[in-house]
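The values are calculated or read from the model by the stated rules, or taken from the named source; none is laboratory data. The model shown is predicted, which means the values in this text are computed figures rather than measured ones. Here Cβ is always computed from backbone atoms with ideal geometry, including for glycine, and neighbour counts include all displayed protein chains.
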Amino acid sequence: MIMNRQGNHSEQTGSTLIGAIVSTLILSIGMAALYSLYINSKLSSSHSQHVSTALAYARDKIETLRFNHGNLGNESGSEQLQASEIVYQRSWQISGNPGQNFHLVNVSMHWLDSSGNHNISLNTVISGSTTGNNPFLDE
Amino acid sequence: MIVLPNRVKHRQQSANGLATLLFCMILLASATTLIFTMTRTSLAEQRIMGNEYRIETLRQACEAGLDYGHIWLRLNEPIWQTESNGQHTFSLPLSADNLGLSDTIHIQINYLSSDINSPFIQIHAQASQNNDRHYHMRQFIHYTVINSHANETGFMAQVITVPGTWHDYE
């Protein structure tokens, strides 16, 4: 009887310990997977924000060039812009000489964040004009 | 000091183990729900961003089409075709290759005039990608032929954009 009692005691203590170990193991594995998911989610979320910002900068440049369509020439340029701790490199290239009928415009954005290097670019055509900066008059 | 019998002690320890396991499971389930909610938000943001980029690309292609349409109309005379509803239309054959843009975007420019003698012409540009995405832009212009003697000095027309008539839609 005494032996049996001791045997039961050791068995029940063991299952309590095993329960704790198993639960800790499950929790650790689950938390590791969830942490990985969380990090990926956070990275993609910030990437979306960066693309939106870059797109806004590229659009802004195209609108500026479109407004100054009378002074467009065959040129290219580059500048750095900073927004929420990310430095964006904005480059543009205009093909077509002053006085030509239209200019091909390419604006590309480049930036580096925690997930690596990224690029986006927008292309458009802007009509040429030699009559000044009036955006409503194409002559 | 009260000494509990062994059977009671064992039951209590067993219950403690079960409580730990349950607590961990509940914690894990809560964390999973939270992370999945965040992931869904992140996925929605990614989709919005992807759509924004594609639409902006198409919008710039449409703008390019409108600009090109202005230039073409300034230097060329459209040959109007009368539709069954009495309107006069002219389509400008154009592909993205002509404009040096991405070859995955196709641009179509249409001119529409309700009256052949009216100085107002509507330019309609449509940009489409290989998938089902389309983007349209339209604008009214005031059109005056300055020099129609094409054989002598070349055709020339004045094209003035009518402010406030620009409209875009997907």
(request) Could you check, for the stretch A:117-131, whether at least one of its residues is modelled with pLDDT under 85 and surrounded by fewer than 17 Cβ atoms within 10 Å (Cβ to Cβ)? (result) yes
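Conditions (1) of a type outside the set (Ser, Thr, Tyr); (2) touching a helix residue (DSSP H, G or I) at 6+ places or on another chain (Cβ under 9 Å); (3) more than 9 Å from chain A (Cβ to nearest Cβ), marked per residue:
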position	(1), (2), (3)
B:LEU18	yes, yes, no
B:PHE23	yes, yes, no
B:SER30	no, no, yes
B:LEU34	yes, yes, no
B:THR41	no, yes, no
B:ASN51	yes, no, yes
B:ARG54	yes, no, yes
B:GLN60	yes, yes, no
B:HIS70	yes, no, no
(request) Collect the residues in the stretch B:47-91 that are hydrophobic (A, V, I, L, M, F, W, C) and touching a residue at least 40 places away in the same chain (Cβ under 8 Å), keeping them in residue-number order. (result) B:ILE55, B:LEU58, B:ALA61, B:CYS62, B:ALA64, B:LEU66, B:LEU73, B:LEU75
(request) Please name all residue pairs, on different chains or six or more residues apart, with Cβ atoms under 7 Å, provided the first residue is in the stretch A:51-80 and is free of Cβ contacts under 8 Å to residues at least 60 places away in the same chain and the second residue is in a helix (DSSP H, G or I) and of a type outside the set (Val, Ile, Thr). (result) A:SER52/B:MET49; A:SER52/B:GLU52; A:LEU72/A:LEU65
(message) Being outside any loop (DSSP other than H, G, I, E, B), of a type outside the set (Val, Ile, Thr), modelled with pLDDT of 85 or more and surrounded by fewer than 17 Cβ atoms within 10 Å (Cβ to Cβ): is that true of B:SER84 here?
(response) no
(message) Please go through (1) surrounded by fewer than 16 Cβ atoms within 10 Å (Cβ to Cβ); (2) within 14 Å of chain B (Cβ to nearest Cβ) for A:LEU112 and return the number of the only condition it doesn't satisfy.
(response) (2)
(message) Please go through (1) closer than 30 Å to A:PHE102 by Cβ; (2) at pLDDT below 85; (3) outside any loop (DSSP other than H, G, I, E, B) for B:GLU77 and return the number of the only condition it doesn't satisfy.
(response) (3)
(request) Quick one: count up the residues across the stretch B:39-54 that are aliphatic (A, V, I, L, M) and surrounded by 15 or more Cβ atoms within 10 Å (Cβ to Cβ). (result) 1
(message) Quick check on my filter: what residues within the stretch A:50-100 are outside any helix (DSSP H, G or I), out of contact with any strand residue (DSSP E or B) (no Cβ under 9 Å at 6 or more places or on another chain) and closer than 19 Å to B:LEU101 by Cα?
(response) A:GLN100
(request) Tally the residues that are more than 8 Å from chain B (Cβ to nearest Cβ) and either buried (at least 17 other Cβ atoms within 10 Å of the Cβ) or touching a residue at least 24 places away in the same chain (Cβ under 8 Å) (or both), restricting the search to the stretch A:30-46. (result) 2
(message) Against the definition (within 25 Å of A:ARG59 (Cβ to Cβ), at pLDDT 85 or above and more than 7 Å from chain A (Cβ to nearest Cβ)), how does B:LEU94 come out, yes or no?
(response) no
(request) Sort through A:ILE26, A:ILE62 and tell me the only one that's at pLDDT below 90 and of a type in the set (A, V, I, L, M). (result) A:ILE26
(request) Filter the stretch B:108-144 for residues that are over 18 Å from B:GLN81 (Cβ atoms) and in contact with a Ser or Thr (Cβ under 7 Å, 6 or more places away or on another chain) and give the result. (result) B:PRO119, B:GLN129, B:ASN130, B:HIS134, B:GLN139, B:PHE140, B:ILE141
